[in-house]
Amino acid sequence: MTIIDQLIRDTQAPANEQGRDKAIRHRDDQWWGQAMGGISLLASTGETFDAYDLQSVGVGEPDHPNRYGALFRSAATAGVIEKVGFHQSKRPGRSGGVCAVWRGRQS
């Protein structure tokens, strides 16, 4: 099984509700609101994007990088975005690690 196959299998498994709920409960509401607005803006373009692209629409970094998982999972659960694949991260410091690629859901 390749790393991509493993990532796809892992993302199709049920979410770790306890971890996500904890991240949401302890979030920075100001950052969360800005980041959700950024996701909505990127989703409206019809183009694909990843978490690093939030910077291009003025969203700063969260207090902890794990906040992105809860943020994107919440946006997907709300029907704003859908995962369309994976690619190597453009984020400096990630050393080309694999990250999810998203697109706005068609209404």
Check your understanding: Among 32-39, 58-65, what's the highest-first ranking by average C-beta atoms within 10 angstrom per residue?
Key -> 32-39, 58-65
Point to revise | Net charge contributed by nearby residues that have their C-beta within less than 15 Å of Q30 (K/R +1, D/E -1) | key: -2
Point to revise | Residues with amide H under 5 Å from that of F86, placed H, sequence gap 5 or more | key: V101
Practice item. First check a/c for segment 17-104, with a ≥ b ≥ c the square roots of the eigenvalues of its C-alpha gyration tensor; if it is under 1.5, answer rounded, and if not, answer prolate when a/b is larger than b/c or oblate otherwise. Key: rounded
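Tell me the net charge near V57. Cut-off is 13 Å between Cβ atoms, V57 excluded, with +1 for each Lys or Arg and -1 for each Asp or Glu.
Working: positive: none; negative: E47, D50, D53.
Charge balance in the 13 Å sphere: -3.
Excluding L42 itself, what net charge comes from residues whose Cβ is under 11 Å from its Cβ, given Lys and Arg +1 and Asp and Glu -1?
Numbers: positive: R103; negative: E47, D50, D53.
For residues surrounding L42, the net value is -2.
Bear in mind these aren't lab numbers, they're just calculated from the coordinates by the rules spelled out. The structure presented is a predicted model; accordingly, all values stated were derived computationally and were not measured. For neighbour counting, all protein chains shown are included, and Cβ atoms are generated from backbone atoms with ideal geometry for every residue, glycine included.
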